[in-house]
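The values are calculated or read from the model by the stated rules, or taken from the named source; none is laboratory data. Nothing here was measured: the structure is a model prediction, and the numbers come from that model. Virtual Cβ from ideal backbone geometry, glycine too; neighbours counted across all protein chains shown.
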Amino acid sequence: MTKAAPSNGVRLGLMFFSLIVVLSFLLTGCETPIVTQSAQDRQAISAAISGEVPGNYFIGYRLYKVDYKMWGWLKKPGEPWKNAQMVMFNEQKMLAPDRARNAIGSDNNTIYKLSGYFSGEKVYEPASDTVYPEFVLTGASVISTNPPLIFPDRRWLDPTIRLIAPPLY
């Protein structure tokens, strides 16, 4: 008794199925791993906040997103990051640090000590379809280029992910 060879249709189906399996393994390996905020991050955030000297300045967290034009999160010294507000910079008096270096977004995930003031104006950002307060920047100095994670998940720092939810801690 002789077995019949598989038909071309069956062979193509098996090849297609094998290709799908291989591609699924390859693509899942490319995903950004989930790294969540840790107890160490929260302790470091608390320590940094308690070390912020009261004064007439702001603490700024640069959050660069490719598709959006807002600058990042601003808070008063001593306040938690969950009280911060997303702002748009008015750069007529001073360029944002990354723009001054002609390296847009190079300072993503950087904490700054900022001087300036809120103009009272609101600025529309079309990609997010949101209105943000305008901050007139007059000075900036780096506090940290490797701050603790103020978001629940490190993927929020990815410039290509269109996520702009506020910090939680």
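Being closer than 24 Å to Thr145 by Cβ and either in contact with a helix residue (DSSP H, G or I) (Cβ under 6 Å, 6 or more places away or on another chain) or in a strand (DSSP E or B) (or both) is the filter here; which residues of region 88-104 pass it?
Answer for region 88-104, where residues must be closer than 24 Å to Thr145 by Cβ and either in contact with a helix residue (DSSP H, G or I) (Cβ under 6 Å, 6 or more places away or on another chain) or in a strand (DSSP E or B) (or both): Met88, Phe89, Ile104.
Of everything in region 49-87 that's closer than 19 Å to Lys122 by Cα and aromatic (Phe, Trp, Tyr), which residue is farthest from the chain's Cα centre (by Cα)?
The selected residue is Phe58.
For region 81-120, which positions are β-branched (Val, Ile, Thr) and either surrounded by fewer than 19 Cβ atoms within 10 Å (Cβ to Cβ) or out of contact with any Ser or Thr (no Cβ under 7 Å at 6 or more places or on another chain) (or both)?
Let us first name the residues in region 81-120 that are β-branched (Val, Ile, Thr), namely 87, 104, 110-111.
Those that are β-branched (Val, Ile, Thr) and either surrounded by fewer than 19 Cβ atoms within 10 Å (Cβ to Cβ) or out of contact with any Ser or Thr (no Cβ under 7 Å at 6 or more places or on another chain) (or both): Val87, Ile104.
If I ask for residues that are touching a helix residue (DSSP H, G or I) at 6+ places or on another chain (Cβ under 6 Å) and either surrounded by fewer than 17 Cβ atoms within 10 Å (Cβ to Cβ) or not in a loop (DSSP other than H, G, I, E, B) (or both), which ones from region 127-156 would you list? I'd like the intermediate steps shown before the answer.
Residues of region 127-156 touching a helix residue (DSSP H, G or I) at 6+ places or on another chain (Cβ under 6 Å): 140, 148-150.
Residue satisfying the conditions is Ala140 alone.
More than 26 Å from Phe135 (Cα to Cα), surrounded by 10 or more Cβ atoms within 10 Å (Cβ to Cβ) and either at pLDDT 95 or above or hydroxyl-bearing (Ser, Thr, Tyr) (or both) - does that describe any residue in region 62-71?
Step one: filter region 62-71 for residues more than 26 Å from Phe135 (Cα to Cα), giving none.
Looking for residues that are more than 26 Å from Phe135 (Cα to Cα), surrounded by 10 or more Cβ atoms within 10 Å (Cβ to Cβ) and either at pLDDT 95 or above or hydroxyl-bearing (Ser, Thr, Tyr) (or both), one finds none in region 62-71, hence no.
Could you list all residues from region 44-74 that are outside any loop (DSSP other than H, G, I, E, B), farther than 16 Å from Ala103 by Cα and either polar (S, T, N, Q) or out of contact with any Phe, Trp or Tyr (no Cβ under 6 Å at 6 or more places or on another chain) (or both)?
Ala44, Ser46, Ala47, Ala48, Ile49, Ser50, Phe58, Ile59
Do you know which residues across region 36-55 are touching a residue at least 40 places away in the same chain (Cβ under 8 Å) and either touching a Lys or Arg at 6+ places or on another chain (Cβ under 9 Å) or closer than 27 Å to Val131 by Cα (or both)?
Thr36, Gln37
State yes or no: is Asp107 farther than 23 Å from Asp41 by Cβ and either at pLDDT 95 or above or in contact with a helix residue (DSSP H, G or I) (Cβ under 8 Å, 6 or more places away or on another chain) (or both)? Walk me through it before giving the result.
Details: farther than 23 Å from Asp41 by Cβ: no; either at pLDDT 95 or above or in contact with a helix residue (DSSP H, G or I) (Cβ under 8 Å, 6 or more places away or on another chain) (or both): yes.
Taking the combined requirement at face value, the residue does not satisfy it.
Among the residues in region 93-108, are any touching a strand residue (DSSP E or B) at 6+ places or on another chain (Cβ under 9 Å) and among the hydroxyl-bearing types (Ser, Thr, Tyr)? Give the steps one after another, and end with the answer.
Within region 93-108, the subset touching a strand residue (DSSP E or B) at 6+ places or on another chain (Cβ under 9 Å) is 93-100, 105, 107-108.
Filter once more, so that each one left must be among the hydroxyl-bearing types (Ser, Thr, Tyr): none.
No, region 93-108 contains no residue that is touching a strand residue (DSSP E or B) at 6+ places or on another chain (Cβ under 9 Å) and among the hydroxyl-bearing types (Ser, Thr, Tyr).
Condition first: buried (at least 16 other Cβ atoms within 10 Å of the Cβ), modelled with pLDDT of 95 or more and farther than 24 Å from Ser50 by Cβ. Can you find one or more residues in region 161-169 that meet it?
First, the residues of region 161-169 that are buried (at least 16 other Cβ atoms within 10 Å of the Cβ): 164, 167, 169.
Cutting the leftovers down to modelled with pLDDT of 95 or more gives us none.
No, that holds for no residue.
Among (1) in a loop (DSSP other than H, G, I, E, B); (2) modelled with pLDDT of 95 or more, there is one condition Tyr124 misses while meeting the rest; what is its number?
Only one criterion in (1) in a loop (DSSP other than H, G, I, E, B); (2) modelled with pLDDT of 95 or more is unmet by Tyr124, namely (1).
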